[in-house]
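These notes concern the structure reproduced below.
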Amino acid sequence: MRFEVAASVAEAVRMLAAEPGTTRVLAGGTDVLVQLRSGLVEPDLVVDIKRIDGMREIRAEDGGFRIGAAVSGAELGEDAGVRALWPGVVEGMELIGSTQVQGRATLAGNLCNASPAADSVPAMVAADAVARVAGPAGERDVPVAQIPAGPGKTTLAKGEFIVSIFLPARPAGSADAYLRFIPRTEMDIAVCSAGVSLTIGGDGTCTAARVALGAVAPTVLLVPDAAAALIGSKLDDAALDALAAACSAAAKPIDDKRGTVAFRKKVAGVLARRAAVIAAERARG
Amino acid sequence: MSFDTRPAAFTVNGRQVEIEAAPTERLSHLLRERLGLTGTKVGCDAGDCGACTVLVDGMPQCACLMPAARVAGRQVTTVEGLASDGRLSALQAAFLRHGAAQCGICTPGMLMAAAALLSVNPRPAPAEAEAALGGVLCRCTGYRKIVAAVCDAWADAPRPAPVPAGRAVGAPVARLDGPPKVTGADVFGADRWPAGALWVHVIRSPHHHADFSFGDLAAWQAATPGVAAVFTAADIPGRNAFGVIPPFADQPALAVDAARFRGEAVALVALEPGAAEDFDATAFPVTWEELPAALDPEAAKSAPAIHPARPGNLLIRGLVRRGDPDAALAAAAHVAEGAIETAYVEHAYIEPEAGCAYMDGETLVIHTCTQAPHMDRDDTAVMLGLPPERVRIVATSTGGGFGSKLDISIQPLVGLVTLKTGRPARIVYTRGDSMRSTTKRHPARMRARIGTDAAGRVTGQVFDGDFNTGAYASWGPTVANRVPVHASGPYSVPNYRAEARAIHTNGPIAGAFRGFGVPQATIMQEVLYDQLAADAGIDRLAFRQLNALTDGESTVCGQRLSAVGIGACLAALEGPWSEALAWAADAPAGPVTRGVGIASCWYGCGNTALPNPSTIRIGVTAAGEVVLHQGAADIGQGANTVIAQIAADALGVALGAIRLVGPDTAFTPDAGKTSASRQTYVSGRAAEAAGRALRSAILRHANVAEGASLGFGQGTIVIDDGAARHVIDLAALAEGRDGYVFAAEETYDPPTTALDADGQGTPYAVYGYGAQIVELSVDTRLGTVKLHRITAAHDLGRVINPVLAEGQIEGGIAQGIGLALMEDYVPGRTENLHDYLIPTFGDVPEIHHILIEKPDPEGPFGAKGLGEHVLIPTAPAILNAIRHATGALVTRLPATPDRVLAAIRSKGA
């Protein structure tokens, strides 16, 4: 195994593209180092991107925020601007691991680890976040929802890696929320999770919404029917019940020791409903 | 793998260091292996347990997740950097004062996470402390005392005054072995190794059941850099079978031709120092042929025998029978019947098994974490073909055990490598090694029927249980024998039949785990008691009081009891029970409902109807120093302190004047194993006898009557009988073979009798009792259970040390919570600490203790055992509280949210 520290995005791409074998990108390392240690992966090349300019920056852009790929959860949580605009994304990220892990774990890493249960991903998908991907053909912007391909797999091509995540601007009266379900009170992996982002107009009507579920399918699940249940409503019980029903119907979970299919489908609806209530409270200020 | 190395200069605890670090070398490895800073512990190597927490520029980080090269130019602080000029920090002192460190393996991580919090928030609220420390797991304490210590660190209270002679028993003294646990100086199994030690890697079966054969081992060894030697079963010079109960010894140290469970060891690779990091175990030449595996005990009964001499895969059957239970149930006014199933539970101590070995002349010396040094010695000697006196076991500090470190693990493996190569060797299990290969709590499938008369008095009970004992015997016979004796609970049951069977499967080996099957059986009995109380129209606490055993009554084994404490425990809970019921009745409207539950326990201390002596020695040196040879392994529960407290008062010396030696089979007599809640009682009784014998010898020497005070000074003992001072000049006395001028060694063995064919007899000489109330709420839409408060009343006979006793109660409750709500070990699926969940800070609620003292004449100063009792009532009380909150009984543990929700739904259907 070779280990390289890239000084620039171009250099990192060059290294990753030139390596014929397995590669891994190291930012916080909270997943990669564990995989290396346990022998789960034996990469031929590891490229450290943390020292590339801009990787550890949060930058205001077009009314939204661009989050560098090596920004840690702790750094994200300390950014008042991001927290005010996208509180649900921040709370999803902050649920990953302990304080000790928060100092290292990153949004981009959580996305690329491609666990169906990743805590930051449903909130990012609900936020319609966009990943900027660098590769041999230059840079391209990809909706976050299109990055995971299945458990442990991404759609990134040879030589590509994520350099930043963009959280867009949003109108007044908007907010988001993320909830996950775990049997333990902390330090656990989601059995089921839900991210809800919505906008409430001046008359109290929901004008826009996105709803995403985690841990109920091989990849994060965007549920348009659930969003449709909210849009145009005053977020009354009937609309929230319809949202919950749409989420339960859309969920395609597996049975395992952490929860049965029936349980996860039900909880998906309950969580999405509760997340929508929290997002609405935030949106109404 | 190989890497370029890069120079990294950084500061550790204020000291500048420069080191070449491979880019993926983890900071934890650098600190421990190369800088000798072994205060930083490695519990999981995956960021799950937080034991390796250090500060990097003041921020808490898992050193196992941090590339060493990334600390270049930064300030690293480890636990060794907390004390300054030999003076403990206020935080460290608070940990000792509150009893926040038990075994001490998580303590460095807890301290570092707390130090980071206190640097920005010197007087945190409990919730803030819980949030900051939530990434560090503890298996001993139940977390409450850690929270108390962190929140109280600002007070920097003065050190308590030393306890005067004769006042040690009952005093809340801080643990005597505590200071090294908070400075990082304590030595655990992985913390010391001889220079040049070979690193032992264990090749294990990836299958539940498989035949295997090796390729050309010599050629592979020659072709693989860093491999010093390879060993298989063919290299074992002695009998390749061990077992904690000699007649059942059936487990090979290295399997021969077939592996019977996933994780079974088949070969050892001894690697040169430094070669382990680059070693690729996947290239080891072994071929597996997977075979059908019997994993379910019901299916195993009709599957081919895993051990040919045990048809039907039945290891053993335990039975207790008294009166005519069938007739009693037929005539009963109320009968409750049910079934309960429990899961494999992993001990999940934060210290994986570890140790080292070297030759000292002709003696093989093994340093290791253990609960049973003498048993380790004897079994290791048999396997290695050595007489016992040629094996010496030095017990390191043990980072939790809970039963699993009673069994042999690394001892014969590391011993074999040293014996064969003549070189020192070391072995450190990974978290995966530890979880795959060591024992678990028995999964149980139980059925029971219990009947009462119209007044609610229990008239009869029938209990039947299958206990999945896994591939080898381990403690299966003990579980099968202990369960029928205890399945009645601490209640009067005149007509009774209980049968428990230990069934072999190809699952993980089930062995000893805090309670030996009694926690499972108690769940069965206590949930039926709630049903019976309801049927009889009696309050649930009152129903238990009506049926509780009293002095002079007989147990289901026909043993007439005295010093029965269950009545006092239940009486002490009357007030808290009324308050709890009122709290539950006061639940706000909505989907979250409240419930309260109660359950009792009793537990016989020591081996079941078998001898289990302990021997304790105390000596006085010519210099006047009192030395206690304390061979009872302290795995965090506090034997080093409790045995010393007992010995001090028996001898009449101040606790602070005692020096501890051991456990070490070369220097401490056999104090038996740390199991069955026997050390305070059995070894304590031996210590009491040794202390009194030594005192008598000294008084006799000076010809002074009993009642005089002893003062141990520089080369003298000063005896004051009120009338005169007598000075013994110790230098004038001859030293005995141990180098002592006075010495006493005493043995105590509980007076028990063998049980007859119906299980009648005196299985234990001393029992302890307890009862707990659980208050909780259930989110009936999600099935989540949130514990509100637990009130625990336990009869200790005599409280030797209240701080340590409370620590046992809180830690036992935390494990009971795990058993009830989340723990479920599945081989191949949960072999780490993120898929296998144990309770964290947020899972353990406020705990109130009520310590009852109903002295037992057999116990030292009246003391009874406690360590296992405390876990037993928690899980049934939780299930009873869930039923109170929802009307639904969960019958399969753990009561995960999906099962709680399913139970609620099926009740409504």
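Bear in mind these aren't lab numbers, they're just calculated from the coordinates by the rules spelled out. The structure displayed is predicted, hence computed values, not measured ones. We place every Cβ from the backbone using ideal geometry, glycine too, and count neighbours over all the protein chains shown.
A few comments on the model shown:
- Computed on chain A, with alpha-carbon pairs under 8 angstrom and 6+ residues apart, the relative contact order is 16 percent.
- Here the contact order of chain B, divided by its residue count and restricted to Cα pairs under 8 Å and six or more residues apart, works out to 14 percent.
- Each of A:SER233, B:SER696, B:SER205, B:SER213 was scored by other Cβ atoms within 10 Å of its Cβ. Listed from fewest to most, they are B:SER213, B:SER696, A:SER233, B:SER205.
- Using C-alpha pairs under 8 Å with a sequence gap of at least 6, the mean separation divided by the residue count of the range A:184-253 gives a relative contact order of 26 percent.
- Magnitude of the charge dipole, the range B:807-887, Cβ model with Lys/Arg +1 and Asp/Glu -1, debye to 20: 220
- Whole-number D in µm²/s for the range A:97-236 (Stokes-Einstein; Kirkwood sum over Cα pairs; 37 °C, 0.692 mPa s): 206
- Principal-axis tilt of helix A:237-250 within chain A, Cα atoms, nearest 10 degrees: 40
- Simple Cβ-charge dipole of chain B, Lys/Arg +1 and Asp/Glu -1, about Cα centre, in debye nearest 20: 740
- Set B:LYS41/B:LYS405; B:LYS440/B:LYS786; B:LYS673/B:LYS864 screened for pairs whose C-alpha atoms are more than 20 Å apart: B:LYS440/B:LYS786
- Taking the C-alpha atoms only, the angle from helix A:9-18 to the longest principal axis of chain A is near 70 degrees.
- Likely footprinting exposure, A:LYS50, A:LYS153, A:LYS252, B:LYS301, fewest C-beta neighbours within 10 Å first: A:LYS153, A:LYS252, B:LYS301, A:LYS50
- Dipole orientation for the range B:614-748: of the candidates B:HIS726, B:ASN640, B:ALA623, B:ASN640 has the Cα lying most toward the positive pole (charges on Cβ; Lys, Arg +1; Asp, Glu -1).
- Dipole of the protein assembly as shown [Lys/Arg +1, Asp/Glu -1 at C-beta], most positive-end residue of B:CYS569, A:GLY269, B:ALA792: A:GLY269
- Overall form of the range A:174-284 per C-alpha gyration tensor (a/c, 1.5; a/b vs b/c): prolate
- Convex hull volume per residue in cubic angstrom - Cα atoms of chain A: 121
- Size of the range B:614-748 as Cα extents on the principal axes (Å, biggest first): 46, 28, 23
- With the convex hull drawn around the C-alpha atoms of the protein assembly as shown, the volume per residue stands at 172 Å³.
- A DSSP coil position with no more than 14 other Cβ atoms inside 10 Å describes none of the chymotrypsin sites (Phe, Trp or Tyr not before Pro) in the range B:358-459.
- Estimated D of the range B:1-162 in µm² per second, where Rh is the Kirkwood radius over Cα pairs and Stokes-Einstein applies at 10 °C, 1.306 mPa s: 99
- Shape of the range B:757-819 from the C-alpha gyration tensor: oblate (a/c of 1.5 or more and a/b not above b/c, with a ≥ b ≥ c the square roots of its eigenvalues).
- Within a straight-line Cα-Cα reach of under 16 Å, A:LYS266 can be paired with the following lysines, leaving aside sequence neighbours fewer than 8 residues apart in one chain: A:LYS252.
- Cβ charges +1 (Lys, Arg) and -1 (Asp, Glu), total dipole of the protein assembly as shown, debye: 940
- Extreme residue, positive dipole direction of the range A:174-284, given options A:LEU240, A:ILE200, A:THR185 (C-beta unit charges): A:THR185
- Residues B:SER492, B:SER404 arranged by fewest to most Cβ contacts within 10 Å: B:SER492, B:SER404
- Rounded, prolate or oblate (a/c below 1.5 giving rounded, otherwise prolate when a/b exceeds b/c) for the range B:281-400 by Cα gyration tensor: prolate
- Three principal axis lengths of chain B [C-alpha, angstrom, descending]: 82, 78, 59
- Per residue, the convex hull volume that the Cα atoms of the range B:751-909 enclose (Å³): 168
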